[in-house]
């Protein structure tokens, strides 16, 4: 298990902001919110693989769903890397809008 994985949505977004080129940020920034799903297999796959969402980064998975406190539901969340990457993409998009 990597110790270099981000453990919160903010950490993940900060890493993406520092990693993406200016052109990539501009392209992403100008994507309409309703079209963010188009990034599921590109950026989303990068997030899922690089940030350990399939390899046990439970802290980041939980951070993507702060509203969930039920222990049973937290176990289900650990099995939803797709939903977690969607939350990170949405947060990145919102940050780049400001």
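Seen against the Cα atoms of the chain and their longest principal axis, helix 81-97 is set at about 40 degrees. Available extension along the chain between residue 82 and residue 33 is 15.9 nm, counting 0.36 nm per residue and deducting the alpha carbon span.
Take the Cα of residue 14, go 7 Å toward its beta carbon, and the backbone nitrogen atoms of region 52-95 under 20 Å from that spot belong to 52-53, 57-66, 85, 87-95. Take every Cα pair under 8 Å whose residues are at least 6 apart in sequence, average their separation, divide by the length of region 43-88, and the relative contact order is 48 percent. Once the Cα atoms are used to define both axes, helix 9-19 deviates from the longest principal axis of the chain by about 40 degrees. With a Förster radius of 22 Å applied to the beta-carbon distance between residue 50 and residue 73, the computed FRET efficiency rounds to 0.30.
Across the chain, the relative contact order, built from alpha-carbon pairs under 8 Å that are at least six residues apart, equals 43 percent. Size descriptors for the chain: radius of gyration and Dmax over Cα atoms are 13.2, 42 Å.
Read the figures in this text as sums done on the coordinates, not as results from a lab. Computed from a predicted structure; not experimentally measured. So basically every Cβ, Gly included, is an ideal-geometry build from the backbone, and we count neighbours across all protein chains shown.
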